[in-house]
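Encoded as structure tokens, the structure appears first; notes follow it.
Each value in this text was obtained by applying a stated rule to the coordinates, not by laboratory testing. The shown structure was predicted, so the numbers you read here are calculated from the model rather than taken from an experiment. Backbone-built Cβ (ideal geometry, glycine too); neighbour counts: all protein chains shown.
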Amino acid sequence: MVKFRKKKWDKPFPEKIARRVSRISTYDLTSWADQSIYELGRLLSIYERTRTPEAVKELVLGAEALHAVIEELNKRTNTTL
């Protein structure tokens, strides 16, 4: 009997985000990247006002989402960084 091991996740963003991003059409990825950048700016402004740990967590989640979108766009355009 052959047992298959799940490949270790070694990306700097959660696998759940990567799965969600993989379902977005290539055409829409740039819009998602643009929206992520906007959200990061908004979240950074909130953090500057509040200085709360929750704001930092939201910033990290937004940055991970942006990274996942750009990584997917890179994968689909067959370029290397």
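Are any residues in segment 31-81 polar (S, T, N, Q), in a helix (DSSP H, G or I) and within 19 Å of residue 13 (Cα to Cα), and if so, which ones? Spell out how you get there, then give the answer.
Step one: filter segment 31-81 for residues polar (S, T, N, Q), giving 31, 35-36, 45, 50, 52, 74, 77-80.
Next cut, in a helix (DSSP H, G or I) only: 31, 35-36, 45, 50, 74.
Selection gives 35, 36, 74.
I need a count of the residues in segment 30-81 that are aromatic (Phe, Trp, Tyr) and touching a residue at least 24 places away in the same chain (Cβ under 8 Å).
Quick first cut of segment 30-81, residues aromatic (Phe, Trp, Tyr) only: 32, 38, 47.
Applying the additional criterion that residues be touching a residue at least 24 places away in the same chain (Cβ under 8 Å) yields 32.
The number of residues fulfilling the criteria is 1.
Scan 73, 61 and give me the residue that is of a type in the set (A, V, I, L, M), within 13 Å of the chain's Cα centre (by Cα) and surrounded by fewer than 17 Cβ atoms within 10 Å (Cβ to Cβ).
61
Would you mind telling me which numbered condition in (1) assigned to a loop (DSSP other than H, G, I, E, B); (2) of a type outside the set (A, V, I, L, M); (3) more than 24 Å from residue 76 (Cα to Cα) residue 12 fails?
Result: residue 12 passes all but (3).
Considering each of 25, 36 in turn, give the residue that is loosely packed, with under 11 Cβ neighbours inside 10 Å and small (Gly, Ala, Ser).
25
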